[in-house]
1. Each residue of segment 99-106 in turn: what ³J(HN,Hα) in whole Hz from Karplus with 6.51, -1.76, 1.60 and θ = phi - 60°, glycine and Pro shown as x?
2. Going by Cα centres, segment 90-120 and segment 25-39 are how many Å apart?
3. Treat each spin label as a single point 7 Å out from the Cα along the C-beta direction, and report the PHE104 to LEU31 distance in nm.
4. With springs connecting C-alpha atoms under 10 Å apart, model the chain as a Gaussian network and identify which of MET47, MET37, MET101 has the largest mean-square fluctuation.
5. Suppose we flag trypsin sites (Lys or Arg not before Pro) only when DSSP calls them loop and at most 14 other Cβ atoms lie within 10 Å. Which is the longest uninterrupted stretch of the chain?
6. Given 0.36 nm per residue, what is the gain on full extension from ALA113 to ALA52 after removing their alpha carbon distance, in nm?
7. With r defined as the distance between the Cβ atoms of LEU39 and PHE97 and R0 fixed at 30 Å, what FRET efficiency is calculated, to the nearest 0.05?
8. Could you state, as a whole-number percent, how many of the C-alpha pairs of the chain are farther apart than 19 Å?
Amino acid sequence: MDEVAANKTPFDGEKLKELLDGFMPILRTHLEDEIQMLLDLSAYDSMKLKEAANDAHERALGDSKPAEELPILLGCQDASFKIDGDPGVMRAKLPWFLPYMTQFIFHWKNRAAWQFLPSTYHYQRRPLPYATITAKA
């Protein structure tokens, strides 16, 4: 792919399809297994999960590279997602200004990648680019 990007090799759609088909069985198995793992989470205390998530967030912020980690941290938190009926259970406890700093300062370095984040930096679900079907809330 690097050679294609550098215009050293012409793009070959068949080769790309071959590469994607090569890892598809592994990805499919992973995604199927993930469904059961997510369903099994209902057996755990959601408040303890929240504590673990907050601890992970605090550790990530302590050693973080803000331009790389804050967009991911904030862009993967959907306020409409509920655990035990509470939409805020898994949301990180962050200073109120951090979503704004992320949006206006840290976002720009890797902005091409952040377009694929499922949420805005303000916890709102957003449609994914290039998706032909959007999920209903």
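Only the coordinates and a few stated rules stand behind these numbers; no lab work does. Here the structure is a predicted model, which is why all the values come from computation and not from measurement. For neighbour counting, all protein chains shown are included, and Cβ atoms are generated from backbone atoms with ideal geometry for every residue, glycine included.
1. With the stated coefficients, segment 99-106 comes to x, 5, 4, 5, 5, 9, 10, 7 Hz.
2. Here the two parts' Cα centres lie 27 Å apart.
3. Each label point lies 7 Å from its Cα, and together they span 3.8 nm.
4. Per the Cα network of the chain with a 10 Å cutoff, MET37 tops the list.
5. 9-81
6. Taking ALA113 through ALA52 to full extension adds about 19.3 nm, to one decimal.
7. 0.25
8. 66 percent
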